[in-house]
Amino acid sequence: MLLTDKQQEVLTRFIKIALSRRTAASLSHLIGSPVVLEVAEVALYPLSFLHTEFTNTLQDEVAVIRHSFEGGINGDALLSFDYHAAVQLTNLLQTHGMIYPLDQLNLSACEVLTEVGNILLTAYLRMLDQLLGQPITFGVPSFEMNSMQAILNHLILSRHEVRYVLLVKTTFRLCDTAVDSYMMLVSGVASLSSLIRGIEASFCLHSP
């Protein structure tokens, strides 16, 4: 399963609108400082490919915020940071009222990251809802610290189907600092086929 150039163009456009404008404004309001979100890459991969790729590049613990969802499509949406990036972003977001920067995540930091993940993933899922024209429901986000290998193993084994991941590389820019993260939408072939049909319908609608 691959995205055509036109499908990827429309999907990238929707994601940039959902994240770079609305979501950045929500984060800026939350912390009282300007936040810019940049979408660097959007790609579709088999989950097994990501399993190999990420376990080679993200070998330490990662911080992951996850929303499970169902409706027009079913699956899991995740926002992940490597440990250093998670600590760095937390320090940037909690500048006000902090005496000393953190060198490791504590309970307060995990709560901050969960709120950031909730804002981003909610915007992402609402964008998919709009793209599909079908309701998507999701509950309270969960936070997890684990190896990327363990997290991907769980995603692979949790459902008896071939699963793909729509990967969005996202960069937070605030206080003259850039922090990288990955947003992932993990779903089966049937759900992603519905998403691709939604992309194609949207492209036809927005084409001159």
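The values are calculated or read from the model by the stated rules, or taken from the named source; none is laboratory data. In this text, all values refer to a predicted model and were calculated from it rather than measured experimentally. Here the Cβ positions follow ideal geometry from the backbone for every residue, glycine too, while neighbour counts run over all protein chains shown.
In table form, for the structure just shown:
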item: Of all residues making up segment 148-163, the number that are outside any helix (DSSP H, G or I) and touching a strand residue (DSSP E or B) at 6+ places or on another chain (Cβ under 6 Å); result: 2
item: Identity of the residue in segment 52-106, of a type in the set (S, T, N, Q) and within 27 Å of Gly32 (Cα to Cα), that ends up modelled with the lowest pLDDT; result: Thr95
item: Top-ranked residue in segment 110-127 [being out of contact with any Phe, Trp or Tyr (no Cβ under 9 Å at 6 or more places or on another chain) and at pLDDT below 85; ranked as surrounded by the fewest Cβ atoms within 10 Å (Cβ to Cβ)]; result: Arg126
item: Qualifying positions in segment 176-187 - buried (at least 21 other Cβ atoms within 10 Å of the Cβ) and hydroxyl-bearing (Ser, Thr, Tyr); result: Ser181, Tyr182, Ser187
item: Test: residue in segment 155-175 that is over 24 Å from Val64 (Cα atoms) and surrounded by 13 or more Cβ atoms within 10 Å (Cβ to Cβ); result: no
item: Residues of segment 1-38 satisfying the condition of being surrounded by 15 or more Cβ atoms within 10 Å (Cβ to Cβ), outside any helix (DSSP H, G or I) and either out of contact with any helix residue (DSSP H, G or I) (no Cβ under 8 Å at 6 or more places or on another chain) or among the charged types (D, E, K, R) (or both); result: Glu38
item: Subset of segment 175-192 [assigned to a strand (DSSP E or B) and of a type in the set (Asp, Glu)]; result: Asp180
item: Residue within segment 131-146 that is touching an Asp or Glu at 6+ places or on another chain (Cβ under 9 Å), under 27 Å from Arg197 (Cα atoms) and surrounded by 13 or more Cβ atoms within 10 Å (Cβ to Cβ) present; result: yes
item: Conditions (1) loosely packed, with under 15 Cβ neighbours inside 10 Å; (2) within 30 Å of Gly198 (Cβ to Cβ): number failed by Leu107; result: (2)
item: Qualifying position, being assigned to a strand (DSSP E or B), at negative phi and touching a Cys at 6+ places or on another chain (Cβ under 6 Å), among Phe172, Phe143; result: Phe143
item: First in segment 9-29 and under 21 Å from Leu93 (Cα atoms) and without any contact (Cβ under 8 Å) to a residue 12 or more places away in the chain, second anywhere and of a type in the set (A, V, I, L, M, F, W, C) and surrounded by 16 or more Cβ atoms within 10 Å (Cβ to Cβ), Cβ under 7 Å, 6 or more apart; result: Ser28/Val35
item: In segment 176-208, residue modelled with the highest pLDDT [restricted to those that are under 17 Å from Glu70 (Cβ atoms) and among the hydroxyl-bearing types (Ser, Thr, Tyr)]; result: Ser187
item: Subset of segment 74-93 that is among the small types (Gly, Ala, Ser) and under 14 Å from Thr171 (Cα atoms) - its residue that is surrounded by the fewest Cβ atoms within 10 Å (Cβ to Cβ); result: Ala85
